[in-house]
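J.: Encoded as structure tokens, here's the structure I'll be asking about.
The values are calculated or read from the model by the stated rules, or taken from the named source; none is laboratory data. Computed from a prediction, not measured in an experiment: that's the story for all the values here. All Cβ positions, even for glycine, are placed from backbone atoms using ideal geometry, and neighbour counts span all protein chains on display. Accessible surface areas use protein heavy atoms only, side chains included; no ligands, DNA or RNA. Shrake-Rupley method; radii C 1.70, N 1.55, O 1.52, S 1.80 Å.
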Amino acid sequence: MGASGDSESGDHRPPERPHGKPPGKQPGDDHAAFSALLEDSAEDLYEHAPCGYLSTLLDGTIAKINTTLLDWLGYDHGDLVGRRTFSDLLTVGGRLYHETHFGPLLRMQGEVSGIALELKATDGSRLPVLVTSTVKNSGDGQPLLIRTTVFDARDRRAYETELLRARQQAEHEQEELKRLNATLQQTLLPPTLVNVPGLDVAAHYHVASTDMVGGDFYDLFPLSAGTWGLFLGDVCGKGAAAAAVTSLARYTLRAAAVYDPDPAAVLSNLNTVLNHEYNGHDPRFCTVVFGLLTPEGDRGGFRITLASGGHPPALLLRADGSADHVHTPGGQLIGVLPDAHIATATVHLAAGDTLLLHTDGLTEARPDRTRDADRYGDEALLDFARALAPTTAFDAVAAIRDLLDTFGTGVDDDTAVLAINVPRPTSEEQP
């Protein structure tokens, strides 16, 4: 009665599971699964393994092959066993490699692992595989047969193909970027320097990296009343942002010089523009030197007034073989402060004299190309100039180009060089 009474009372709760057992898993499940594994025959495991197996005689004749590999290739046992060799299953290139490399290595070492080959299927398709072969020896060490394991490498081949495609695409995009940077760099420099009567002029732009456009710039252009303006500068940073500042600086300097050619006024105007445009979370600034060239008339040569905003000093190489810096101390970076201090200096450029302007990519280069090496520096450049003087604009720039070439990868920043020279009268030129 008690048992039937419980049933009639509607208590249909399921029997309690053993403590700690997850829902749906009954005692003995693990044992049943393990028993099923024990009952799995070795023959079935061989035939339907997730990889291909075959055994061949020493001459390569197939003696045994599993169903997995047969299914991959579309053959029956009777098509291959005792009739074909392993190399018959390979592509032409694979057979050549098997005969010249795979087979000889296997005979010498007794094992060859992870070799990439291609098998031919009955439908003409190719199956990329990774092959490992070992030689089975008898008790007295004599080779009996060759056992080979074949792994399907289609997914790996597809991955490698995609990886190669992505790499080629990246290289193509890198080349496009280099061409774009080179084109952009050219637009930031004058196509040709203006011809100034009574002066020889030369310039050079050294690109440190084709991957990023630099921020160096220079120009020489006519102003009113027989005067000429020149400038050379270096924008902080690289890339598109630096290029935008470079473009703004170039055109601002030209426009400001037309309005008021006084060098200090020109740089003050540029400082106001940059400080106004780039005074937010991403401030931009530059170093720059601006010069006003004026013929000296009866005296001959040119008077040059230079204004510097934090730029490396220019070099003056005299006709008598001496050389020194044109000092403009105290000039502040352009664009940082609302009212930057501009330093000025005035020099006379006589016959045979050369003025050399440069950006700091030259003096900050490392001659021995190591990161821990000392920078080249202003004093080393001055010694170089003293050994070079007297010289011409062309020869001075050529010498600087050769110097940069000796630094190689030690030049990690772009370098711009601008040289102007008052040529000697023909009667004074040395043969």
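J.: For region 323-367, what % of the accessible area comes from carbon and sulfur atoms, probe 1.4 Å?
T.: Answer for region 323-367 is 53 percent, counting heavy atoms of protein chains only.
J.: Out of the total accessible area of region 197-265 (probe 1.4 Å, heavy atoms of protein only), what percent is carbon and sulfur?
T.: Numbers: 1560 of 2560 Å².
Solvent-exposed carbon and sulfur of region 197-265 make up 61 percent of the total.
J.: While we're on this one: Given the C-alpha centroids of region 43-105 and region 348-363, what is the distance between them in whole angstrom?
T.: Computed from Cα coordinates, the inter-centre distance equals 77 Å.
J.: Which ³J(HN,Hα) values in Hz, rounded to whole numbers, follow from the phi angles of region 118-132 under the Karplus curve 6.51 cos²θ - 1.76 cosθ + 1.60, where θ = phi - 60° and Gly and Pro get x?
T.: My calculation for region 118-132 gives 10, 9, 9, 8, 5, 8, x, 6, 10, 10, x, 9, 10, 10, 10 Hz in order.
J.: With every protein chain kept in place and ligands, DNA and RNA left out, what is the accessible area per residue of region 237-317? Probe 1.4 Å, answer in Å².
T.: Working: 3320 Å² over 81 residues.
Accessible area per residue: 41 Å².
J.: Next question, about the same structure. Can you give the net charge of the other residues whose Cβ lies under 14 Å from the Cβ of Thr132, counting K and R as +1 and D and E as -1? Display every interim value, and only then the final one.
T.: Details: positive: Lys136, Arg147; negative: Glu111, Asp152.
With Lys, Arg at +1 and Asp, Glu at -1, the net is 0.
J.: Where the centre of each part is set by its Cα atoms, how far does region 366-416 sit from region 263-311, in angstrom?
T.: So the two Cα centres are separated by 24 Å.
J.: Give me, ordered by chain and number, the residues 5 or more places off Val411 or on other chains with an amide H under 5 Å from its own placed amide H.
T.: Amide H to amide H, under 5 Å and 5 or more residues apart or across chains, Val411 pairs with Arg366.
J.: Let me ask you something else. Could you give each residue of region 228-238 its phi-based ³J(HN,Hα) in whole Hz, using Karplus coefficients 6.51, -1.76, 1.60 with θ = phi - 60°, and x for Gly or Pro?
T.: Once rounded to whole Hz, the list reads 10, x, 9, 8, 8, x, 8, 7, 5, x, 9.
J.: So with the 1.4 Å probe, I'd like the accessible area per residue for region 75-125, rounded to whole Å².
T.: On the way: 2960 Å² over 51 residues.
It amounts to 58 Å² per residue over region 75-125.
J.: Taking amide H positions as placed in the peptide plane 1.01 Å from N, state which residues far from Arg84 in sequence (5 or more) or on other chains have amide H under 5 Å from it.
T.: Those lying under 5 Å, H to H, from Arg84 are Ile62.
J.: Same structure again: Can you work out ³J(HN,Hα) from phi for every residue in region 246-259, in order, using Karplus 6.51 cos²θ - 1.76 cosθ + 1.60 and θ = phi - 60°, giving whole Hz and x for Gly and Pro?
T.: Those phi angles translate into 4, 4, 4, 5, 4, 6, 5, 4, 5, 5, 5, 5, 5, 6 Hz.
J.: Ordered by packing density, taken as the mean number of other Cβ atoms within 10 Å over each peptide's residues, highest first, how do 116-122, 401-407, 267-273 rank?
T.: Values: 116-122: 16.7, 401-407: 14.9, 267-273: 22.3.
Top to bottom by mean Cβ count within 10 Å: 267-273, 116-122, 401-407.
J.: Using a cut-off of 15 Å between beta-carbons, work out the net charge of the residues near Ala225 (Lys and Arg +1, Asp and Glu -1, Ala225 not included). Can you show the working numbers first?
T.: Working: positive: Arg303; negative: Asp260, Asp262, Glu296.
Neighbour charge sum, excluding Ala225 itself: -2.
J.: Which far-off residues, 5 or more places away or on another chain, put their amide H under 5 Å from the one on Leu145, with H placed in the peptide plane?
T.: Close amide H contacts, sequence-distant or interchain: Lys136.
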